[in-house]
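Report on the following structure.
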Amino acid sequence: MTLFAAPDTPGFRLRMARKALSKSQEEFGTPLGYGKAPVSTWETGRVEITILMAQAIEFVWGIRLRWLLYGEGEPWADKATQLELQSLPTGEVLVRPEIDGTATCGPGGEIHRPGPFAPTHHLDRTLAEKLLKDSGGGREEDLFFLRCEGVSMEPTIRDKEIVLVNTALEGRLHPRNNAIYLVRRSPSGNDARVKRVRLDQERRQLVLSSDNRAYTPAMIDLDGIPLHQVVLGRVVWVGRDLIDGDPPAEDW
């Protein structure tokens, strides 16, 4: 009988992997930018582990995404990588603002620049550096949280969820096909939406797709429009379990 012989659920597999690492829920969640309570909700199945979250877990803790989500393959990255990941510094936290306004996973929605009254959220510095590097570069100041509305990006992003956006110019000039971005229809517009994008160089169009198959693709005509003026940033994190302040005692 192996250590990971368990019911076929991501939450159970996560709990077994955390136990194997000899980490408490708080120790496991801290380098991911979370506290004890969110880890508990993942392990009990009350909150789904998203693909973006599984990617972060694989990077920080070496728990393979496909094993965690689907029970396929080996649970761990190679030993050399695992040792390297476990040696990363943790606990140093950034405070980044939430943009004043919302973006929709669907039509409509408005976005404004972060203001002095925008709420703030905590993000582990090590994870922030990794997310910046993987999404085209940038600085800590380029990271902003944003609240989304709508269901067109489900199951990846749910209604009312918070996402982390890298607004660095480098990534906006060269968007990666099929990655998720914050975009607007025109340089002067405030309408903002979160979609997967694909650049059609021949037609000079940006193709916007939804993860919810009930929604059809849309196009943005780029004729005469600089790409970075409609691509506002890349979504690098889904903060489904972000909490402001301490959760109720029963959640711990």
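Of the conditions (1) crowded, with 21+ Cβ neighbours inside 10 Å; (2) modelled with pLDDT under 85; (3) assigned to a helix (DSSP H, G or I), residue 42 clears all except one; give me its number.
(2)
Out of curiosity, is residue 206 touching a helix residue (DSSP H, G or I) at 6+ places or on another chain (Cβ under 8 Å) and open to solvent by 20 Å² or more (accessible area, probe 1.4 Å)?
No; evaluated as a whole, the condition is false for this residue.
Does region 108-117 contain any residue that is modelled with pLDDT of 85 or more and open to solvent by 40 Å² or more (accessible area, probe 1.4 Å)?
No, because not a single residue in region 108-117 is modelled with pLDDT of 85 or more and open to solvent by 40 Å² or more (accessible area, probe 1.4 Å).
Report yes if residue 64 is open to solvent by 40 Å² or more (accessible area, probe 1.4 Å), more than 22 Å from residue 96 (Cα to Cα) and in contact with a Pro (Cβ under 9 Å, 6 or more places away or on another chain), otherwise no. Steps first, please.
Values: open to solvent by 40 Å² or more (accessible area, probe 1.4 Å): yes; more than 22 Å from residue 96 (Cα to Cα): yes; in contact with a Pro (Cβ under 9 Å, 6 or more places away or on another chain): yes.
Yes: the conditions hold for residue 64.
Residues that are part of a strand (DSSP E or B) and without any contact (Cβ under 8 Å) to a residue 60 or more places away in the chain: does region 162-180 have at least one?
Applying the first criterion (part of a strand (DSSP E or B)) to region 162-180 yields 162-166, 180.
Right, trim to without any contact (Cβ under 8 Å) to a residue 60 or more places away in the chain and you get 180.
The answer is yes, given that some residue of region 162-180 is part of a strand (DSSP E or B) and without any contact (Cβ under 8 Å) to a residue 60 or more places away in the chain.
Might you let me know whether region 12-27 holds any residue that is open to solvent by 50 Å² or more (accessible area, probe 1.4 Å), touching a helix residue (DSSP H, G or I) at 6+ places or on another chain (Cβ under 7 Å) and small (Gly, Ala, Ser)?
No, region 12-27 contains no residue that is open to solvent by 50 Å² or more (accessible area, probe 1.4 Å), touching a helix residue (DSSP H, G or I) at 6+ places or on another chain (Cβ under 7 Å) and small (Gly, Ala, Ser).
How many of the residues making up region 146-162 are of a type in the set (Ser, Thr, Tyr) and open to solvent by 10 Å² or more (accessible area, probe 1.4 Å)?
Matching residues across region 146-162 total 1.
Return the residue satisfying two criteria in turn: it lies in region 37-59 and is more than 14 Å from the chain's Cα centre (by Cα) and aliphatic (A, V, I, L, M), and of such residues it is nearest to residue 235 (Cα to Cα). Full working, then the answer.
First, pick out the residues of region 37-59 that are more than 14 Å from the chain's Cα centre (by Cα): 37-47.
Those left that are additionally aliphatic (A, V, I, L, M): 37, 39, 47.
Working: 37: 24, 39: 22, 47: 20 Å.
Of everything passing the filter in region 37-59, 47 is nearest to residue 235 (Cα to Cα).
The values are calculated or read from the model by the stated rules, or taken from the named source; none is laboratory data. Since this is a predicted model, take the numbers as computed values, not measurements. Neighbour counts run over all protein chains shown; Cβ positions are idealised from the backbone, glycine included. Side chains are part of the model used for accessible areas, which takes the heavy atoms of the whole protein and leaves out ligands, DNA and RNA. Shrake-Rupley method; radii C 1.70, N 1.55, O 1.52, S 1.80 Å.
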